[in-house]
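Heads up, the thing below is written out as structure tokens.
The values are calculated or read from the model by the stated rules, or taken from the named source; none is laboratory data. As the structure is a computational prediction, the values presented were derived from the model and not from experiment. As a convention, Cβ positions derive from the backbone with ideal geometry for all residues, glycine included, and neighbour counts pool all protein chains shown.
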Amino acid sequence: MKKQTTKQFYTNLLKYKYNDTSSFLIEIRNENHIFWEICRDFTKEILLSQYSWNWLGYRVDDFALIVEKHIIEKLDKWSKKSSLSKHSKSLEGTIIWLFDRHVNSLKNLFDKRYKNSIDFTILLDFEEVEIEIQDDMINEVILSDFHRYRKFDKVVILLKLWNDSLYDYDFNISDLEEICVKYSAPPPSSFLEFKNSKKYKSQLAKSGNSQLVFTF
């Protein structure tokens with residue numbers, strides 16, 4: 001018996017859940033839909049198997065949302081005019097097309113031929129981010145050569161910085177705003193949703209145990 005590929009496995013799983021293409025395309029317009037998690041798993045597997053893209057395979061979760069929002073925005077247009085329209089009556093064809101699009105769109109984020117491509121060297125620079133903490137407050141954030149990046153690239157770095165510090169309640173929205181001003185980057189309000197500006201911190205409960213609570 002021929003071994004089933006990951007693409008076939010996920011496709012069959014989704015075909016079992018959905019009866020037709022139209023209902024499937026409607027539901028996946030929600031960026032939190034499980035389909036996008038499946039896309040990420042598939043994309044990771046593909047990239048990790050390709051030597052030249054191996055590095056991106058480990059960072060899919062850092063950039064996938066950018067791709068997914070773009071795909072969702074284009075679904076209407078693509079389902080009518082692009083090659084996706086050829087699969088309008090095939091749920092299997094639609095799913096496979098979107099899997100491949102997810103992989104290729106993520107690669108295109110780092111292709112200099114595209115207008116809003118990201119310079120992948122910023123990923124190396126980002127690893128050099130140094131945060132000095134004194135008296136439970138962040139005094140300085142040094143981002144190597146940050147001034148030379150385009151606004152789009154700065155937003156990518158700052159968004160990752162914010163997400164990575166979600167549980168660090170010493171780093172709050174005002175600290176991020178200061179960094180944006182210091183490095184001439186767009187304000188947090190331009191790339192953070194209100195619901196994502198909340199932070200978690202530990203607080204002592206009446207029972208004597210610690211619990212996580214929201215803060216700003």
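Under 7 Å between Cβ atoms, at least 6 apart or on separate chains: pull out the pairs that start in region 148-166 with a residue that is of a type outside the set (Ser, Thr, Tyr) and assigned to a helix (DSSP H, G or I) and end on any residue that is modelled with pLDDT of 70 or more and exposed (fewer than 13 other Cβ atoms within 10 Å of the Cβ).
Going by the 7 Å Cβ cut-off, there are no qualifying pairs.
Among the residues of region 1-47, which ones are in a loop (DSSP other than H, G, I, E, B) and out of contact with any Lys or Arg (no Cβ under 9 Å at 6 or more places or on another chain)? Walk me through how you get there before you give the answer.
Keep residues of region 1-47 that are in a loop (DSSP other than H, G, I, E, B), which gives 1-5, 18-20, 28-33.
Met1, Lys2, Lys3, Gln4, Thr5, Tyr18, Asn19, Ile28, Arg29, Asn30, Asn32, His33, listed by residue number.
Does region 1-43 hold any residues that are among the basic types (Lys, Arg) and free of Cβ contacts under 8 Å to residues at least 24 places away in the same chain, and which are they? Steps first, please.
Just the residues of region 1-43 that are among the basic types (Lys, Arg), to begin with: 2-3, 7, 15, 17, 29, 40.
Correct list: Lys2, Lys3, Lys17.
Can you name the residue in region 1-34 that is among the aromatic types (Phe, Trp, Tyr) and over 12 Å from Leu91 (Cβ atoms) and, of all such residues, is surrounded by the most Cβ atoms within 10 Å (Cβ to Cβ)? Explain how you work it out, then say what you get.
Just the residues of region 1-34 that are among the aromatic types (Phe, Trp, Tyr), to begin with: 9-10, 16, 18, 24.
Subset that is over 12 Å from Leu91 (Cβ atoms): 9-10.
Working: Phe9: 13, Tyr10: 19.
Of everything passing the filter in region 1-34, Tyr10 is surrounded by the most Cβ atoms within 10 Å (Cβ to Cβ).
Could you tell me how many of the residues in region 165-187 are within 20 Å of Phe63 (Cβ to Cβ) and modelled with pLDDT under 75?
2
Answer with yes or no whether Asp61 is loosely packed, with under 14 Cβ neighbours inside 10 Å, of a type outside the set (S, T, N, Q), closer than 16 Å to Glu27 by Cα and not assigned by TED's automatic domain parsing to the domain that holds Val155.
Details: loosely packed, with under 14 Cβ neighbours inside 10 Å: yes; of a type outside the set (S, T, N, Q): yes; closer than 16 Å to Glu27 by Cα: no; not assigned by TED's automatic domain parsing to the domain that holds Val155: yes.
Here the answer is no, as Asp61 does not meet what is asked.
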